[in-house]
Each structure stands twice: as structure tokens, then as C-alpha cells.
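Chemist: Handing you this structure, nothing more for now.
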Amino acid sequence: MKRLFGNSRGLKANQIRRLENLYRRRIPPEFLITLELARTISRLSHEIRRQIGLLINRAGKIAYVIVGDHRRIVIPQTSEYRAAPGRLKGLKCVHTHIKDESLTEDDLTDLALLRLDIMAAITMTNDGQPHQVHASHILPKSLDGKPYQTLPPLNPGQLRIGCLKLIQALETELAQGRTLYNANTKKERALLISVTTAPKHIAIDSLAELKELSMSSGIDVINTVLQQRKKADSRFLIGLGKLKDLTIQALMKGATLIIFDQELNPSQIRSITDQIDLKVIDRTQLILDIFAQRAQTREGKLQVELAQMKYLLPRLVLKNTAMSRLTGGIGGRGPGETKLEINRRRVRDRIRRLEKDLSLVQKQRRQQREKRSKRGLPVISIVGYTNAGKSSLLNILTKSNVFVESRLFATLDPSSRRLKFPKDIEVIITDTVGFIKNLPKDLIAAFRATLEELESADILLHVIDISNPRFEEQIESVEKILTDLNLHNIPTIRVLNKQDLIQKETIIKLSKSLNGTAVSALASSSLAPLIEKMESGIQHIMKDRLPRHT
């Protein structure tokens, strides 16, 4: 077990031994630190000209001894002291300052981001004796815009401050403040963050969609935060000061995770999770999580797992707690170097097996398409943005009962039904997974076998939820994906769904401007114009297929 953290190079053997002996000390719960211990670390810090830090748990045991440089200490990973939602970490940090200065901005940032019980700094006299102790703690409510309170400087004889009672009182007040947010303690509670250079209205719409995605995944959204920047921070995406404020907000409101609207690269995930003691995910991981919840068939589960593995692989460069949070657990250290290589190899092997299994699925689907082609049945495929009403339309057209729910990605596995038109023309009509803006590339690649079904479609029904204020952007997103899949040349009928939620004048205008057919997927009486259009399109296609005689 490692007993000393930080850089101990250049220290003499007896100095290292004295540092390691600090683990044997105990601090009574009412003391911030004992005078004897304050003298010990002050003398040693003065001797080696480096800061020395102690992380002390609530039982008064020294859990970590840290050697810094002359300017600062670096607090190590403290996974075994993972703070529960809305609670402090259970560790206080007491360290020396070589210079005669109170708590620095770095000290206060660590206090906030790591949710420490107390942060304290001991200044020293010229002969290495403790001079004053500066201490600060988090506040349940901000005071003058600051999420912490700094106590008046303490003299070495004033270190009995009722430390444990103070911490317990703070946590009690925090618990009272977060009761409003704990209606369902089994659910994750999230802060949603968007850091963008885009215009404000676009960012607001995207954040609103992220909220819908979160709710669809069963997450309680506590608050949304939008930060517009001229340039995103390459390391943290968001500014470190803002990250500190968000961590305090998460503590006060009992949040269990932070969700970024933008995709985080591996180095950003590592930088952020090095700084804060909260689970952090991005939009892509949230979508993958929703797909994993919805997949019912073996094929769907294979596709989702492949996308998850491809997302995970580049992030296996991480050696800290970011990795454990990415893989679902909030506790535990990240993998060591050897385990890291093992994990990489296992993920690569799993990706190869999944790709092999999915290639068999593609082969089976091709055979099914060939059989349908031999029977001569035309195929109509329903496409559209998620939650536009595709499954509802399939149900009402074919009098079937495909699962329907008003939430994003309610349907994941494709469904096929037969449909007979009034003029005795029979077709196969299929429902597909919904599209979404910035659909992860790995997810599109994994669902290639399913999306290839669209290649054999004779007609696409593009279902559009015209009651959604973002329907124009949704149309653009769907058509972009169709173009990327090289499906844009297939004849397409625009179906303007949910006309029952829109005024008649608006429906008439949209039908003309979008060249679409307005329906309500909940009312069969509204479908006649659409059925007529579909039947006419199929007749035209079948006529073109007939052999021409000279």
C-alpha cells in the first residue's frame, strides 16, 4: 500500500520516515488539527521547503499524507471517500503554506470541486513554528455570491473549533435544502450543461432536446445551464470557475451526475473528472444508454453493444476514476496499466465478435429482402425524427399494436407489417428507429444492418411532427442522415403528423410550403389523402416494373 503521495524525491530517509509516521497520529473530532501535529508538519515543511498536506477523515485518522512543492500540494484520487449525493466528502484537508498567505484560489477550488469537509492552511514563522491557521468550508447557500465561508484566522491555541459538529450541521442544512429535489431517490438527478459557440436560440433548442432525452432515460433534470463562449475551453470545455459553481449547485440540489450537450473527447473527460467528484457523461453516452434500455431483440442488443464498445475504446486511455464512471460505476479507482491493456484487448475482441455476428444479421436480412423481391411485394418504409409518431402511423395503417409511447426512442427494434390498399394492392410497410440531430456515428454504423432495410424501400414515408416548434430543424436532420446513407433518391412522401394539435390555417400553409400530406396518426378518418397518395405512388412504381413489349 502506498503510504506517501506526491513527489518525495530529494528527501532524506529520515524525513520520509517522519512523514510516514504521521499516519499513526489521531486527531480528536472536535479539533481541526492538534497543536502538536501542526508543529510537527510545520517544522518538517520548513525543513524541506515544500508544502505538506494531510487528509483527515471524520474518525480523526490521517488517510493521506501529501508532499507538494513550495507552491502547492496535489490532492490524489480519493475514491474510497466518494461523497453521496448532496453530502460532503468526509475528508478535511490541512496543509502548510511556505509563504505567509491565507487560503489561495487553488485551495478554495479544491474545497468546492472535491466537496471537502474543510480546507485549512497553516502559515509558519521564520523558525518553522505554526503562526496562524486559515480555514474555510462550503456553505449550503451562497453568501455574497461565494459558495464557501472563510473563518477568521485561528491562532495555534484555538484549534478546538467543534469540527465534527460544524460538519454535521452543514450536512443537515444541505439535506434540508435538497429535500425538494429528492422526490424519487432511486432516479439519477442531473444538471444539464451546454457550452456552445452557436447562436443562443439554437443552443436553447438543443438543450431542450437534451432535457427530453434525459427524461426519456428516466433521469430527473434538476437544472439546465447554458454557457456561450467565443471559443470552447480545450481542456474542460467549460471554464474552471463555472465548473466550480456547478459542482456546488450539484451538491446543494443533490445531483448525481452532470450531462454535457456536447460530445466530450477522452482528454476532456479525464480533465473534468480529475477536478470534480461527480459522474460526468455527454450527449452521445446518454443516447447510447437510452438505446441500451430500449433494445429488445438480439439484433438490437448486438447493435447497441457494438456502438457502446466503439465509444468506449478510445476512452480506455484513461487511468483514473473517469474510466470507472464511464463504465457505469461511480466508485472505485480507474484501472492500472496492466489491467488497462487487458481491457483494451477485451474490448477489441468483443468488437470483432459483434461485427461478425452483425454481418450474419446483414446476410439474413439480404435473404429476406430477396424473398420479398421474388414475391414482388413493394416496400414502404417509415422514417422520421424520434417521437414524430412513426409507430402510431404504422399501427393505424395496419391495425397492429406496435409499442407506442410519447418519449424519445420509444421504438428501437424495426417492425414490418402487410398493408392492403382499397384497389387490392398489397405492400410491406416497415417502421424504423427514429433519427435525431447529431446521431452518434458509431450508432449509425452499428445500425447499418437495420438501416439497409431502407435501401430496398420503394417509397419512404417521412413522418414530421408539425406540432414541434423545432420541426424544420428535425426535417433537415432526417434528410441529412438519408443523404449520408445514400437514400435521398428514393421517392419520399412527407407526412405532416399531429395536425389535431395545429390550427387549420397553419396546416394549409405547411402542406403547401412543405409539399406534405397532413394527418393525425390517432384518427383513421384523416388518413384517406395519405393512403391515396401512397397507392398512387405504388401503382406508378409497379407500372414501371412491368416488362415493355415492342
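Chemist: So for the pair Lys187, Lys165, with labels modelled 7 Å out along Cα→Cβ, what separation do we get in nm?
Modeler: That separation, rounded to one decimal, is 3.9 nm.
Chemist: Something else about it: Say R0 is 35 Å: what FRET efficiency, to the nearest 0.05, do Arg418 and Lys509 get from their beta-carbon distance?
Modeler: Values: r = 35 Å, r/R0 = 1.01.
About 0.50, to the nearest 0.05.
Chemist: Just subtract the alpha-carbon distance of Lys99 and Lys61 from 0.36 nm times their residue separation and send over the number in nm, one decimal.
Modeler: Values: separation 38, 0.36 × 38 = 13.68 nm, distance 2.72 nm.
Using 0.36 nm per residue and subtracting the Cα-Cα distance, I get 11.0 nm.
Chemist: 222 nm [θ] for the chain, helices only, -39500 (n - 2.57) per DSSP H run of 4+, per residue, to 500? Let's see the in-between values first.
Modeler: Values: 17 runs with 222 residues, N = 550.
For the chain, the value works out to -13000 deg cm²/dmol.
Chemist: Moving on to the next point. Working out 0.36 nm times the residue gap between Ser525 and Arg298, then minus their Cα-Cα distance, what length gain in nm do you get to one decimal?
Modeler: Taking 0.36 nm per residue and subtracting the Cα distance, the gain is 78.0 nm.
Chemist: At what distance in nm do the modelled label points of Lys146 and Lys371 sit from each other, each positioned 7 Å from its Cα along Cα→Cβ?
Modeler: 7.4 nm
Chemist: Amide H to amide H under 5 Å from Ala518: which residues, 5+ apart in sequence or cross-chain, H placed 1.01 Å off N in plane?
Modeler: Long-range HN contacts for Ala518: Leu496.
Chemist: Using r as the Cβ-Cβ distance of Ala13 and Asp357, and R0 as 56 Å, what FRET efficiency do you calculate, to the nearest 0.05? Write out the running numbers ahead of the final one.
Modeler: Details: r = 58 Å, r/R0 = 1.04.
According to the calculation, E is roughly 0.45.
Chemist: Which of Val463, Val221, Leu501 sits farthest toward the positive end of the charge dipole of the chain, with +1 on the Cβ of Lys and Arg and -1 on the Cβ of Asp and Glu?
Modeler: Val221
Chemist: Among 227-233, 436-442, 279-285, how do they line up by average Cβ neighbours within 10 Å per residue, starting with the highest?
Modeler: Working: 227-233: 12.0, 436-442: 18.0, 279-285: 21.1.
Packing order, densest peptide first, comes out as 279-285, 436-442, 227-233.
Chemist: A follow-up question, please. Evaluate the charge dipole of the chain about its Cα centre and quote only its size in Debye, nearest 20, assuming +1 on the Cβ of each Lys and Arg and -1 on the Cβ of each Asp and Glu. Walk me through the numbers before you get to the answer.
Modeler: Numbers: 89 positive and 59 negative charges, 348 e Å.
Roughly 1680 debye for the chain.
Chemist: Right, something else. At a Förster radius of 22 Å, what calculated FRET efficiency corresponds to the Cβ-Cβ distance of Gln228 and Asn265, to the nearest 0.05?
Modeler: 0.60
Chemist: OK, next. I want the antiparallel fraction of DSSP beta bridges within the chain, as a percent rounded to 5.
Modeler: Among the beta bridges of the chain, antiparallel pairing accounts for roughly 40 percent.
Laboratory data are not the source of any read-out in this text; all were calculated from the coordinates shown. Fair warning: this is a prediction, and the values are worked out from it, not measured in the lab. Reconstructed Cβ throughout: ideal geometry from the backbone, glycine too, with neighbour counts over all protein chains shown.
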